[in-house]
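Report on the structure given below.
The values are calculated or read from the model by the stated rules, or taken from the named source; none is laboratory data. A quick note: this is a predicted structure, and the numbers were derived from the prediction, not measured. Cβ sites come from the backbone with ideal geometry, for glycine too, and all protein chains shown count toward neighbours. The area values use the complete protein model at the heavy-atom level, side chains included, leaving out ligands, DNA and RNA. Shrake-Rupley method; radii C 1.70, N 1.55, O 1.52, S 1.80 Å.
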Amino acid sequence: MPLPKIDLPLFEVSLPSTGEKVMLRPYTVKEEKILLVAQESDESGSELIATKQVVGNCLFEKNLDDLPLFDMEFLMLQLRARSVDNKMEFRITDPDTEELIDLELQIDDVKLTEDPKHTKEIKLNDDYTLFLKYPSMDTMIVIADMQADDPMVPYNIMVNCLDYIASEDEIEHFKDYTDEEITTFMDGIPTRDLKKITDFFETSPKLRHEIKYKNNTGKERTFVIEGNRSFFI
């Protein structure tokens, strides 16, 4: 007689980017092993790869390639809350005293922060407007393999987030053009517009939470948790 297969309950959450409702199942020991291996690995991007694999295993009828990075991070946190516990206990080292500090995080307290000045639209001139898209998990996995001090990292992220350029009469999608054509386009962008693209990334929505504590000198400190690190602390 074969061992029984345990049925898992499904739960529904709304994606932060669009409000679309998606269905997930809790993750199992199989996915827990994937996360543990990623935590112990020294390889660049291992946590991102593990996150994509676990969310992909547990998400129903949704293409992961369409999801912004912060949607994937949100889904990972929701999976952690429903698969293990909404409470996470962890230990950090205070940067001033080097003492070990025990902290506690309620996953439901981690919210998406949004800048009211944020926009995906970059008006280049009277004729053309550039539209950007949020970086995906795949984009960040590729970037993670690059050296942190590589000056091409910001450029490569920008290129991967070019969506389309539109005028009154036409729309041109960057996915239809070669790398060489896109490089030529980027080289011709005025510096003032490049700053607007940079602002897009700086003001993009992100998962963020602050935990305040006091060290043994009585000084109040703030520990900030952002994005994927909310799970891999």
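Hey, any hits in region 133-145 for a residue that's at pLDDT below 95 and exposed (fewer than 14 other Cβ atoms within 10 Å of the Cβ)?
yes
Out of all the residues in region 14-45, which are more than 16 Å from SER83 (Cα to Cα), open to solvent by 20 Å² or more (accessible area, probe 1.4 Å) and assigned to a helix (DSSP H, G or I)? Walk me through how you get there before you give the answer.
Within region 14-45, the first condition is being more than 16 Å from SER83 (Cα to Cα), and the residues that meet it are 14-22, 37-45.
Right, trim to open to solvent by 20 Å² or more (accessible area, probe 1.4 Å) and you get 14, 16-21, 37, 39-44.
Of everything in region 14-45, those that are more than 16 Å from SER83 (Cα to Cα), open to solvent by 20 Å² or more (accessible area, probe 1.4 Å) and assigned to a helix (DSSP H, G or I) turn out to be VAL37, GLN39, GLU40.
Listed residues LEU24, LEU64; which is more than 20 Å from ILE141 (Cβ to Cβ) and among the hydrophobic types (A, V, I, L, M, F, W, C)?
LEU24 is the lone residue from the list that is more than 20 Å from ILE141 (Cβ to Cβ) and among the hydrophobic types (A, V, I, L, M, F, W, C).
Being of a type outside the set (Asp, Glu), exposed (fewer than 14 other Cβ atoms within 10 Å of the Cβ) and in a helix (DSSP H, G or I) is the filter here, so list the residues in region 155-185 that pass it.
Hits for region 155-185 are TYR155, LYS175, THR183, THR184.
Within region 186-196, can you find the residues that are surrounded by 14 or more Cβ atoms within 10 Å (Cβ to Cβ) and either touching a Cys at 6+ places or on another chain (Cβ under 9 Å) or not in a helix (DSSP H, G or I) (or both)?
Result: ILE189, single match.
Somewhere in region 84-100, is a residue modelled with pLDDT of 90 or more, open to solvent by 80 Å² or more (accessible area, probe 1.4 Å), among the hydrophobic types (A, V, I, L, M, F, W, C) and farther than 16 Å from ARG208 by Cα?
Yes, region 84-100 contains at least one residue that is modelled with pLDDT of 90 or more, open to solvent by 80 Å² or more (accessible area, probe 1.4 Å), among the hydrophobic types (A, V, I, L, M, F, W, C) and farther than 16 Å from ARG208 by Cα.
Identify the residue in region 105-132 that is under 21 Å from ASP163 (Cβ atoms), aliphatic (A, V, I, L, M) and under 17 Å from the mean Cα position of the chain (by Cα) and, among all such residues, is modelled with the highest pLDDT.
Step one: filter region 105-132 for residues under 21 Å from ASP163 (Cβ atoms), giving 112, 114-115, 117-132.
Next, from what is left, pick out any that are aliphatic (A, V, I, L, M): 112, 122, 124, 130, 132.
Then keep just the ones that are under 17 Å from the mean Cα position of the chain (by Cα); that gives 112, 132.
On the way: LEU112: 88, LEU132: 96.
The qualifying residue modelled with the highest pLDDT is LEU132.
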